[in-house]
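The block underneath contains the structure these notes are about, expressed in structure tokens.
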Amino acid sequence: MSKGFEVPDKVIYVCTGSKCKKKGGKEIGKMLRNMIKDMGLKGKVEVVKTECTDRCDFAPVMSFQPDNVWLQHTTEEKAKQAFNDHILKTDGQV
């Protein structure tokens with residue numbers, strides 16, 4: 001018998017379509033997964049890779065849910081700050 005289907009409290013969608021991937025989307029997703037693991041948030045926060053979001057001019061693109069916050073031209077620094085603001089909900093630097 002398998003484990004029950006767990007629903008995370010928060011989800012970060014990271015586009016890994018061709019343009020987003022070329023501009024660092026895949027690496028940003030890996031960085032966020034590592035942050036989640038290191039902070040003991042596995043199961044509470046999940047990173048989901050998406051295919052093209054049809055926002056290629058703004059690559060790389062990501063979204064923090066349930067806050068419905070979208071980032072464009074995302075850098076690792078922007079992603080860390082958004083993680084801090086929308087996942088940890090603190091004012092300090094990550």
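The values are calculated or read from the model by the stated rules, or taken from the named source; none is laboratory data. Only a predicted model underlies this, so the values are computations on that prediction, with no experimental measurement involved. Positions of Cβ are generated from backbone atoms using ideal geometry, with glycine treated the same way; all protein chains shown enter the neighbour counts.
Just the residues that are more than 18 Å from A79 (Cα to Cα) and not aromatic (F, W, Y), please, taken from region 1-22. Spell out how you get there, then give the answer.
Initial filter on region 1-22 (more than 18 Å from A79 (Cα to Cα)): 1-9, 18.
Of everything in region 1-22, those that are more than 18 Å from A79 (Cα to Cα) and not aromatic (F, W, Y) turn out to be M1, S2, K3, G4, E6, V7, P8, D9, S18.
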| note | Residues of region 36-53 being surrounded by 19 or more Cβ atoms within 10 Å (Cβ to Cβ) and among the charged types (D, E, K, R), in sequence order, are E46
| query | If we keep just the residues of region 25-35 that are touching a helix residue (DSSP H, G or I) at 6+ places or on another chain (Cβ under 8 Å) and crowded, with 18+ Cβ neighbours inside 10 Å, which is farthest from I87 (Cα to Cα)? | reply | I28
| said: Return the residues of region 23-41 that are over 23 Å from Q72 (Cβ atoms) and either of a type in the set (G, A, S) or modelled with pLDDT under 95 (or both); say none if nothing qualifies. | reply: G40
| request: Can you confirm whether region 54-72 contains a residue that is surrounded by fewer than 18 Cβ atoms within 10 Å (Cβ to Cβ), over 23 Å from L88 (Cβ atoms) and acidic (D, E)? | output: yes
| request: Run D67 past the list (1) part of a loop (DSSP other than H, G, I, E, B); (2) in contact with an Asp or Glu (Cβ under 7 Å, 6 or more places away or on another chain) and report the number of the one that doesn't hold. | output: (2)
| query | Checking V47 against (1) out of contact with any Gly (no Cβ under 7 Å at 6 or more places or on another chain); (2) modelled with pLDDT of 95 or more, which test does it fail? | reply | (1)
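Let's see how each residue does on (1) outside any helix (DSSP H, G or I); (2) free of Cβ contacts under 8 Å to residues at least 12 places away in the same chain; (3) closer than 17 Å to S63 by Cβ; (4) not basic (K, R):
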| position | (1), (2), (3), (4) |
| --- | --- |
| K3 | yes, yes, no, no |
| V14 | yes, no, yes, yes |
| N34 | no, yes, no, yes |
| K37 | no, yes, no, no |
